[in-house]
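Visitor: Starting off with a structure, shown below.
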Amino acid sequence: MTDPAGASSGEPLADLPGRAEVLESERVFAGHIWDVRRDRLRFGDHELVREYIDHPGAVAILAIDDRERVVVIRQYRHPIGARDWELPAGLLDVDGEEPLAAAHRELAEEVDLAAAEWTELLTVDTSPGGSSERIMIYEARGLSPVPAFLRSEEEADIEVRWVELDEIVDAAFAGRIRNGILITAALAARARRR
């Protein structure tokens, strides 16, 4: 059976990989953390130009303690002009580093923790119309402290808090928090529990 738009309703819902033919690609801005690219591509019978943030990718960690609390951090984020609550996270900016190794590193660097158990929770394309950023979100359990990491820049004044999963979801629906990765991970973890 097909719906009015013509899509089959009998197959599983899944993204369809397949990059359009890129006729020309140029880096129009070289940034400190990421670049901006402009691609000219063939799409069907048309040529299109698209500009986007060329992002190295990232990891985020939903670390849950033995009391079922999640560790969140609040730090300054200049693009939104706020100190937002978010998960420990970081860029895939070390050459050759696997995402899980990056997650281990970021958990230690941002909240001074190690985890014995790691599970892939979700992979999310954060803004597919304007960025190539893909974030792998891991759930981490079996937490233990590690020596404190010397933090600098925005990370120097990180605030750490342990909260219930439901508190995160309630804060999101009340509009008190807006970090997409934190909200997505909390909703996914809550759905998985049920």
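Visitor: If ligands, DNA and RNA are left out, what is the accessible area of Asp93 with a 1.4 Å probe, given in Å² to the nearest 10?
Guide: Its heavy atoms expose roughly 100 Å² to the probe.
Visitor: Over region 9-105, one equal point on each Cα, no solvent: what is log10 I(q)/I(0) by the Debye formula at q = 0.13, 0.14, 0.18 Å⁻¹?
Guide: Treating every Cα as an identical point scatterer, log10 I(q)/I(0) equals -0.78, -0.87, -1.07.
Visitor: Please state the charge dipole magnitude for the chain, taken about the Cα centre, from unit charges on C-beta atoms (+1 on K and R, -1 on D and E), reported in debye and rounded to the nearest 20. Could the numbers behind the result be given before it?
Guide: Numbers: 23 positive and 39 negative charges, 99 e Å.
Result for the chain is approximately 480 debye, rounded to the nearest 20.
Visitor: Under the rule of -39500 (n - 2.57) per DSSP H run of 4 or more residues, summed and divided by the residues of the chain, what mean residue ellipticity at 222 nm is obtained, to the nearest 500 deg cm²/dmol? The partial results should precede the final answer.
Guide: Numbers: 3 runs with 36 residues, N = 194.
Calculated mean residue ellipticity at 222 nm is -6000 deg cm²/dmol.
Visitor: With everything on Cα atoms, drop me the angle between helix 99-111 and the longest principal axis of the chain, reported from 0 to 90° to the nearest 10.
Guide: So the helix axis and the longest Cα principal axis differ by about 40 degrees.
Visitor: Going 7 Å from the Cα of Glu11 toward and past its Cβ, which residues in region 38-82 have a backbone nitrogen under 20 Å from where you end up?
Guide: 44
Visitor: How far is helix 180-193 tilted, in degrees, relative to the longest principal axis of the Cα atoms in the chain, given as a value from 0 to 90 rounded to the nearest 10?
Guide: Value to nearest ten degrees: 70.
Visitor: Let me ask another. Given Cβ point charges of +1 (Lys, Arg) and -1 (Asp, Glu) and nothing else, what value in debye, to the nearest 20, does the dipole of region 14-76 about its Cα centre take?
Guide: Details: 10 positive and 13 negative charges, 45 e Å.
Result for region 14-76 is approximately 220 debye, rounded to the nearest 20.
Visitor: Averaging over every viewing direction, what projected area does the convex hull of the Cα atoms of region 55-130 cover, in nm²?
Guide: On the way: hull surface 24.3 nm².
Average projection, Cα convex hull of region 55-130: 6.1 nm².
Visitor: Of the DSSP beta bridges with both residues in the chain, give the percent that are antiparallel, rounding to the nearest 5. Mind showing how you got there, number by number?
Guide: On the way: 43 of 50 bridges.
Close to 85 percent.
Visitor: Right, something else. As a test of understanding, state the convex hull volume per residue of region 87-194 from its alpha carbons, in Å³. The partial results should precede the final answer.
Guide: Numbers: hull volume 15.0 nm³, N = 108.
For region 87-194, the hull spanned by Cα atoms encloses 139 Å³ per residue.
Visitor: What percent does the relative contact order of region 46-194 come to when contacts are Cα pairs within less than 8 Å and at least six residues apart?
Guide: Details: 274 pairs, mean separation 46.0, N = 149.
Contact order relative to length: 31 percent.
Visitor: Measuring with a 1.4 Å probe in the full set of protein chains, what accessible area per residue, in whole Å², belongs to region 82-136? Working shown, then result.
Guide: Working: 2720 Å² over 55 residues.
Each residue of region 82-136 exposes 50 Å² on average to a 1.4 Å probe.
Visitor: Another question, then. If you take all C-alpha pairs in the chain, what percent of them are over 21 Å apart? Walk me through the numbers before you get to the answer.
Guide: Details: 11191 of 18721 pairs.
Counting pairs separated by more than 21 Å, the tail of P(r) holds 60 percent.
Visitor: A further question on this structure: Normalising by the residue count of region 5-106, find the relative contact order in percent from Cα pairs under 8 Å and 6+ residues apart. If you can, show how the numbers build up before the last one.
Guide: Details: 136 pairs, mean separation 17.4, N = 102.
Here the relative contact order equals 17 percent.
Visitor: Select from Glu106, Glu97, Glu159 the residue whose mean-square fluctuation is largest in a Gaussian network model of the chain (Cα-Cα springs shorter than 10 Å).
Guide: Glu97
Visitor: Express the relative contact order of region 7-65 as a whole percentage, based on alpha carbon pairs under 8 Å and six or more residues apart in sequence. All intermediate terms of the calculation are to be shown ahead of the outcome.
Guide: On the way: 67 pairs, mean separation 13.9, N = 59.
This gives 24 percent for region 7-65.
The values are calculated or read from the model by the stated rules, or taken from the named source; none is laboratory data. The shown structure was predicted, so the numbers you read here are calculated from the model rather than taken from an experiment. Positions of Cβ are generated from backbone atoms using ideal geometry, with glycine treated the same way; all protein chains shown enter the neighbour counts. To get the accessible areas, we keep the full protein, side chains included, count just its heavy atoms, and leave off ligands, DNA and RNA. Shrake-Rupley method; radii C 1.70, N 1.55, O 1.52, S 1.80 Å.
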